Amino acid sequence: MSTTETVTVHGGQRPMVVRIAGRELVEYTSAEVGRDLADIAGQFRIGYFPRYDLKLFGDSSPPPITKTALAEVFHITEHDPVEILIHGQTVLKGWVDDVQLRQEGGNFEAWITGRDVTGDLVDGTANPTGPGEYRMVTLAKLVQTICTPFGFTVAADVDMGTPFTLVALEPAETAMAAIERHSRQRGILVTSDGVGGVVLTKSGQTRAPDSLRNPGNVHAMEARLSSRGRFSDVYVKGSFNSHLRPANSPLKAGGTPLAAPLSSAGVQFSPDQAEAAATLRWGHAIDPDVRRFRPRVFLSATQSGGSVATQQAANPVDPNTGSLSPASGAYRGHARKPHRKAMKPRTDASPWTMQDQAEWRMRSTRAGAAMRVYSVIGLRAASGALWLPNQLVLVQDHFAGIDQDMLIGAVTWVAAQDGYRTRISVVDPDVYDLTGDMDTRHNGLRRTKRARSFDGTAKSRKS
C-alpha cells in the first residue's frame, strides 16, 4: 500500500469495508477499528457523509423536517448491527452504541461509535436471576455458563487449571467483571475474536507476520512512559470460608468424644490454625524496577477460589526480608536496598492463591504505565497477513533503544483521508503472562545483549 493512496468517498472497493444493517456504507470518510487486550470488546469510530443532506438543506427554503425526512437523513441509528472487513476478512461484528450529528449552515458532520458484540458482557449483569453460586466448576464451564445467555461462543486453547471449589457471583457485578475476576485466579487471559467469540488463552501464543523496524517499516512512533501506574509492592488481601473444618459436628447427642484429633480430607484440624489459614490470606507481588516505596493494596472481595490446597499453602515470604508479615515492605525509603528481588514465579504444582492475583494486578497496572505505539503503512503486513493483538513481535527501534521481542497489546486499523495505516501498541512480553513464566524462562523469545529498562534507555546484559 503506497503512502499516496487516499480514502475516497465514492470509489471502487476499498480495503476496509463497513456494513451497517447489511448495507455497505460507501459514504464513510474516515474509520478506525481496533482490538485491545486491556479491553475485551473491540471498538470502532466511523465518520460519514449524510446521504440526503443537500435534499433538505440545499435550497434557500428547505422543506419542513418531518419524521420521515429525519429518517432519511439519520438513516444510521443506535443498535444497528455493524460488520467491518479488512481485505475481505471480518475483523469486527458489533453494534452502533452512539450516533453523533452536527450541522452548521451547509456543513455536516456525522459519527458513529460502538464496540463488538462482547461489549454486552462489559455492560450486562451476570446471572440477574441466579444462580449466584457454583461449586466444583472449571473456569471454562463458568465462562460458558455466563456467556450462553448473550449468545457468545467460548473457545479455550490452554489448560484451565483445577475446578473452583466455590464460585460466588456478586449480585450486581457485570458478566465481564465476573469472568475477569475468576480468570486471573487461573492465570488465563480473556480476549475477544471480534466476531462474537470469547477466547480463553495465554499471552504470546503466536508470532506477528513481520517485525517492527525503526528505521524501516515503521512510519511513525510515539511513546509515553509513566511511573504513576507502577507500584513497588502490590498486595491482594481477602478471606474465605474455612474448608479445613470437619464434615461432622465434634459432639453428637449420645456420642462419645473422639480419640484422635479432628481432621478433614486428611488434614489435622486445629481451630486456631484452620481459621487463620482461611481468614488471614494475602498475596504480595514485587516490582524490582520501582526504586521507591509505592505500595498498593487490592481487596479480593470474593469467596471464590478457596480450597483446601489454597488454605494449606503458606502466605508469601518477602525474599528481601524473609518476613511473613504483609507489612514487611513498609520500611522507610532511605533504607530500601538498591536492587530488590521479585517473587519467584509459580510452578505447575503450586495451588492457585491470592499470590497469583497479586502478580496479575502488578503486571496489569505496569502495562498501563508504558505506551509505545508504532504506525505502519497499510492495513496488513507485507506477507498479506493482518497484525493482531496477543502476538509476539520483534521490535528493533534505534530511536527508543529497543531490540527485543515485545507483545502486541492493541491493534487499530485506520482509514483516513491521507491513506491507510495500522497502529500497533506493544508492551513488555510478560505483562499479560499471568503466571510469571516469562520472568525467568524466555520460551523461544529473542535474547539480545541490549535489554530495555523502563525509562526507555538500554543497558548491557551479559550474554
* Structure fact -> Least to most buried among His284, His182, by other C-beta atoms within 10 Å and fewest first, runs His182, His284
* Ranked from highest to lowest mean number of other Cβ atoms within 10 Å per residue, what is the order of the peptides 371-384, 413-426? -> 413-426, 371-384
* Tail weight of P(r) past 21 Å, computed on alpha-carbon pairs of region 148-249, percent -> 62 percent
* Let me know the charge dipole size of region 121-201 about its Cα centre in debye, to the nearest 20, where only the beta-carbon of Lys, Arg (+1) and Asp, Glu (-1) is charged. => 200 debye
* For region 121-201, the fraction of alpha-carbon pairs in successive 5 Å shells from zero, as % -> 3, 16, 30, 28, 18, 5, 0
* Could you tell me the distance between the Cα centroids of region 339-408 and region 196-212, to the nearest Å? => 11 Å
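Laboratory data are not the source of any read-out in this text; all were calculated from the coordinates shown. What you see is a predicted model, and the numbers here were worked out from it, not measured in a lab. All Cβ positions, even for glycine, are placed from backbone atoms using ideal geometry, and neighbour counts span all protein chains on display.
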